[in-house]
Amino acid sequence: MGRKNKLLERLQQRPKDFTWNELTTLLNSLGYKQAKPGKTGGSRRRFVHPTAATIILHKPHPKKILKMYIIDDILEILKQEEML
């Protein structure tokens, strides 16, 4: 089982310690690219896919652990885009 599949499986388990780095690795493996933030973007990050919906998130800080509502939102988007 590859890293992508392991991260997908882990995300679906809705862990309380899923990190920002794990999410960006997973989204990159699914074909998303992080768009460069603008000068006034703050902690907002956009992940753009050639054929799927754009994902807009707030990068967690100071800790790198994602909140559960973000995990739920990501799971819903990936289900809608039939990536799960």
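The values are calculated or read from the model by the stated rules, or taken from the named source; none is laboratory data. Predicted, not measured: the structure shown is a model, and the values here were computed from it. Cβ: placed from backbone, ideal geometry, glycine included. Neighbour counts: every protein chain shown. Only protein heavy atoms, including side chains, enter the accessible area calculation; ligands, DNA and RNA are left aside. Shrake-Rupley method; radii C 1.70, N 1.55, O 1.52, S 1.80 Å.
See the values below:
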quantity: Selection from the stretch 9-23 of residues that are outside any helix (DSSP H, G or I) and either exposed (fewer than 13 other Cβ atoms within 10 Å of the Cβ) or not β-branched (Val, Ile, Thr) (or both); calculated: GLN13, ARG14, PRO15, LYS16, ASP17, PHE18
quantity: Tally of residues being touching a His at 6+ places or on another chain (Cβ under 7 Å) and under 20 Å from ASP17 (Cβ atoms) across the stretch 36-84; calculated: 1
quantity: Of all residues in the stretch 66-84 being touching a helix residue (DSSP H, G or I) at 6+ places or on another chain (Cβ under 8 Å) and outside any helix (DSSP H, G or I), the one that is surrounded by the fewest Cβ atoms within 10 Å (Cβ to Cβ); calculated: LEU84
quantity: Pairs with Cβ under 8 Å, 6+ apart, first in the stretch 51-66 and under 19 Å from LEU7 (Cα atoms), second modelled with pLDDT under 90 and in a strand (DSSP E or B); calculated: LEU57/ARG44; LYS59/ARG44
quantity: Identity of the residue in the stretch 24-47, assigned to a strand (DSSP E or B) and modelled with pLDDT of 90 or more, that ends up least open to solvent (accessible area, probe 1.4 Å); calculated: PHE47
quantity: Any hit, the stretch 32-39, residues being of a type in the set (Ser, Thr, Tyr), closer than 17 Å to MET83 by Cα and in contact with a strand residue (DSSP E or B) (Cβ under 6 Å, 6 or more places away or on another chain); calculated: yes
